[in-house]
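The values are calculated or read from the model by the stated rules, or taken from the named source; none is laboratory data. Computed from a predicted model, the values in this text were never measured in an experiment. Backbone-built Cβ (ideal geometry, glycine too); neighbour counts: all protein chains shown.
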């Protein structure tokens, strides 16, 4: 299954390095920008909104492509998070629902 | 997304903070120990990633390298969603940048302390910035902590667990059998929905989250893999920026 690599082994490592650089750029970039010019309120709101939007977009896409099992798992995880405010517990509950669905349905 | 504090200044206007911020080995050690209790929860998440990465076509060595160098679970999982042959690199890198844009905001929020350090130590302090150690360090610095080493310490505590977990999942994942049996295939959406649900406690996130979800689903058939999510993220950002 992993014998033939997409784009070849070296290309994958180059891509991994590029992803790492993009991520490091985000980690260092915020402080670097602030040293030169404070972010405008609007830019700050755009980045905050994008952070909220991208997570919701990923979940919605996965649930839309999946089915009732994914929806049940994600719904259980969301309710757990809203109730218990514990991300780890929330993930555990979602996985348990999905595992039970596979075993029973 | 957990970051709601506006970075009030860039460091230049905070001479008091600038003179008193430190970065010491003792601080790194303290930060590491503060996260000792969280580490056992990072490993299973790493196992799920390692197994999912191998299933998506990575070799085990590639998956472990990814976790060691990138150290950002959300973007690593998101990349698997669009991974294909040939690799759509522009979509992959744009998606990674979009998912990790929150680190940019967190980094800016820590600027007034981070920028008080010399460049080498500033780099070390920020290079393992992630959701949990950001929240911990930001709260501690605001409460009077002066040692930015705790940020790196908290990052390193999660980093080794993330890499070890990924290795376990990548090398032993095949022996585990189908991921569906353990529900491990839904770790990603459950992790993301937990972040979304946490963000929904703040009303300002409601519109961006709703817009992001709707735009992503509406465009996912029309756009190449990954770009629906990127479109949703940009629309969510626009909804927040254009808010009156």
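Residues of the range B:61-75 that are farther than 16 Å from residue A:9 by Cα and touching a residue at least 60 places away in the same chain (Cβ under 8 Å): B:67, B:68, B:71, B:73, B:74. Hey, residue B:193 hits all of (1) at pLDDT below 95; (2) surrounded by fewer than 24 Cβ atoms within 10 Å (Cβ to Cβ) but one; which does it fall short on? That leaves (2) as the condition not met.
Select from the range B:124-136 the residues that are under 20 Å from residue A:51 (Cα atoms) and assigned to a helix (DSSP H, G or I) and list them in ascending order. Full working, then the answer.
Here is the first cut: in the range B:124-136, the ones under 20 Å from residue A:51 (Cα atoms) are B:126-136.
Result: B:126, B:131, B:132, B:133, B:134, B:135, B:136.
Have a look at B:36, B:78, B:52 and point out the one that is more than 7 Å from chain A (Cβ to nearest Cβ), modelled with pLDDT under 95 and closer than 30 Å to residue B:150 by Cβ. Show your work before the answer.
Values: B:78 fails: more than 7 Å from chain A (Cβ to nearest Cβ); B:52 fails: closer than 30 Å to residue B:150 by Cβ.
When all the criteria are applied, what remains is B:36.
Here residue B:126 clears all of (1) crowded, with 18+ Cβ neighbours inside 10 Å; (2) more than 27 Å from residue A:94 (Cβ to Cβ); (3) in contact (Cβ under 8 Å) with a residue 40 or more places away in the chain except the condition numbered (3).
The residues on offer are B:120, B:139, B:149, and the sole one that is at pLDDT 95 or above, under 15 Å from residue B:34 (Cα atoms) and more than 9 Å from chain A (Cβ to nearest Cβ) is B:149. Of all the criteria given as (1) within 28 Å of residue B:82 (Cβ to Cβ); (2) at pLDDT below 95; (3) facing chain B (nearest Cβ under 8 Å), the one not satisfied by residue A:67 is (3). Considering only the range B:55-75, state which residues are at pLDDT 95 or above, under 28 Å from residue A:50 (Cα atoms) and in a helix (DSSP H, G or I). Matches in the range B:55-75: B:63, B:65, B:66, B:67, B:68, B:69, B:70.
Note on the range B:24-65: residues that are more than 17 Å from residue B:79 (Cα to Cα), more than 17 Å from the chain's Cα centre (by Cα) and surrounded by 20 or more Cβ atoms within 10 Å (Cβ to Cβ) total 4. Of the residues making up the range A:83-99, those that are surrounded by fewer than 15 Cβ atoms within 10 Å (Cβ to Cβ) and either at the interface with another protein chain (Cβ under 8 Å from one of its Cβ atoms) or touching a strand residue (DSSP E or B) at 6+ places or on another chain (Cβ under 7 Å) (or both) number 1. Here residue B:204 fulfils each of the conditions (1) within 13 Å of chain A (Cβ to nearest Cβ); (2) buried (at least 21 other Cβ atoms within 10 Å of the Cβ); (3) in contact (Cβ under 8 Å) with a residue 12 or more places away in the chain apart from (2). Just so you know, in the range B:76-123 the residues that are touching a helix residue (DSSP H, G or I) at 6+ places or on another chain (Cβ under 7 Å), in contact (Cβ under 8 Å) with a residue 40 or more places away in the chain and in a loop (DSSP other than H, G, I, E, B) include one that is surrounded by the most Cβ atoms within 10 Å (Cβ to Cβ), and it is B:110.
Residue under question is residue A:39, and the condition is that it be within 7 Å of chain B (Cβ to nearest Cβ) and in a helix (DSSP H, G or I); does it hold? When the stated conditions are applied, residue A:39 does not pass them. Among the residues of the range B:216-228, those identified as within 7 Å of another protein chain (Cβ to nearest Cβ) and either touching a residue at least 24 places away in the same chain (Cβ under 8 Å) or under 13 Å from residue A:56 (Cβ atoms) (or both) are B:216, B:217, B:228. Yes or no: the range A:37-44 includes at least one residue that is surrounded by fewer than 18 Cβ atoms within 10 Å (Cβ to Cβ) and at pLDDT 95 or above. No, the range A:37-44 contains no residue that is surrounded by fewer than 18 Cβ atoms within 10 Å (Cβ to Cβ) and at pLDDT 95 or above.
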